[in-house]
Amino acid sequence: GAGVSQSPSNKVTEKGKDVELRCDPISGHTALYWYRQSLGQGLEFLIYFQGNSAPDKSGLPSDRFSAERTGGSVSTLTIQRTQQEDSAVYLCASSLVGTGGALRGYTFGSGTRLTVV
Amino acid sequence: QKEVEQDPGPLSVPEGAIVSLNCTYSNSAFQYFMWYRQYSRKGPELLMYTYSSGNKEDGRFTAQVDKSSKYISLFIRDSQPSDSATYLCAMKKETSGSRLTFGEGTQLTVNP
């Protein structure tokens, strides 16, 4: 597609429920990233995919968070047993691989605004 | 302590003003520096990047890097109401692959 597409754009869920957030990157972008943005924290790195593998998942805050990517394209971020502190905007980005790709800029989606009540 | 520090503002200026936005960082391993702009309810978009100390200019925007002081700046000349957004600095280490470390972002409002 022309840009990075994320769905849903908004999600309200009850504490303890599981949620799935979807990201459809730009075609041809091998690198895919998930970040979390909350007030006072800026963009917090969660996980990086190169193709279907995740060489860097060091930012996942707990084992309740997991992500996968299939076909080198769509990625899903799953949060199990959601907590109120999980409320944030979850941003997905894609880029070409490597330093050059990162410097040319990530293309971000508009994010999923998650509210846990 | 965060690796990248950025004053969140908010910053409010009149139209036409020169705006100065800044970030400091603690790790000298950061070698590449970027500025992103984020409009409300949108994802950030790349404005500029640089990898050397000194100035880089693009239209009304100038990015400045001082590696010896671990300090970067973004200047906006002749600011416009359409520049109202959150500005995030981002940095990359040579060894971090494609991963970026972002500042918290500074919220800017340019008043007509």
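The values are calculated or read from the model by the stated rules, or taken from the named source; none is laboratory data. Given the structure is predicted, the values throughout are model-derived calculations rather than measurements. Please note: Cβ atoms are built from the backbone with ideal geometry, for glycine as well, and neighbour counts cover all protein chains shown. Each accessible area value is taken on the protein alone, full model and side chains, heavy atoms only, with ligands, DNA and RNA left out. Shrake-Rupley method; radii C 1.70, N 1.55, O 1.52, S 1.80 Å.
Points to keep in mind about this one:
- Within region B:1-34, the set of residues being of a type in the set (Phe, Trp, Tyr) and either over 14 Å from the mean Cα position of the chain (by Cα) or more than 22 Å from A:GLY101 (Cα to Cα) (or both) comprises B:TYR25, B:PHE30.
- Where a residue in region B:87-112 is within 10 Å of another protein chain (Cβ to nearest Cβ) and its partner, wherever it lies, is in a loop (DSSP other than H, G, I, E, B) and of a type in the set (Phe, Trp, Tyr), with Cβ under 9 Å and at least six apart: B:ALA90/A:TYR106; B:LYS92/B:TYR51; B:SER98/A:TYR106; B:LEU100/A:TYR106
- Only a single item in (1) more than 12 Å from every other protein chain (Cβ to nearest Cβ); (2) in contact with a Cys (Cβ under 9 Å, 6 or more places away or on another chain) is not met by A:TYR35, and it is number (1).
- Among residues of region B:81-112, those that are under 12 Å from B:SER12 (Cβ atoms), open to solvent by less than 40 Å² (accessible area, probe 1.4 Å) and of a type in the set (Val, Ile, Thr), counted: 2
- Some residue of region A:54-72 being at pLDDT 95 or above and among the small types (Gly, Ala, Ser): yes
- Residue in region A:89-111 that is closer than 18 Å to B:LYS42 by Cβ, away from chain B (no Cβ under 12 Å) and not in a helix (DSSP H, G or I) present: no
- Qualifying residues in region A:7-38 (those that are over 11 Å from the mean Cα position of the chain (by Cα) and part of a strand (DSSP E or B)) - the one surrounded by the most Cβ atoms within 10 Å (Cβ to Cβ): A:ALA31
- Residues that are in contact with a Leu (Cβ under 9 Å, 6 or more places away or on another chain) and of a type in the set (Ser, Thr, Tyr) were ranked within region A:59-73; the one that is surrounded by the most Cβ atoms within 10 Å (Cβ to Cβ) is A:SER73.
- Residue, farthest from A:GLY101 (Cα to Cα), within region B:35-68, restricted to residues that are among the acidic types (Asp, Glu) and away from every other protein chain (no Cβ under 12 Å): B:ASP66
- Evaluation of A:ASN52 against the conditions (1) touching a strand residue (DSSP E or B) at 6+ places or on another chain (Cβ under 8 Å); (2) open to solvent by 40 Å² or more (accessible area, probe 1.4 Å); (3) within 11 Å of chain B (Cβ to nearest Cβ) shows that the sole unmet condition is (3).
- Candidates A:GLN41, A:GLN80, filtered to the one that is more than 14 Å from the chain's Cα centre (by Cα), open to solvent by 40 Å² or more (accessible area, probe 1.4 Å) and within 19 Å of A:PRO8 (Cα to Cα): A:GLN80
- Candidates in region B:32-49 are the residues that are of a type in the set (Ser, Thr, Tyr) and open to solvent by 10 Å² or more (accessible area, probe 1.4 Å); of these, the one that is farthest from B:GLU94 (Cα to Cα) is B:SER40.
- Options A:VAL89, A:VAL97; residue that is surrounded by 14 or more Cβ atoms within 10 Å (Cβ to Cβ), under 23 Å from B:MET34 (Cβ atoms) and over 11 Å from the mean Cα position of the chain (by Cα): A:VAL97
- Selection status of B:TYR71, without any contact (Cβ under 8 Å) to a residue 40 or more places away in the chain, open to solvent by 60 Å² or more (accessible area, probe 1.4 Å) and of a type outside the set (D, E, K, R): no
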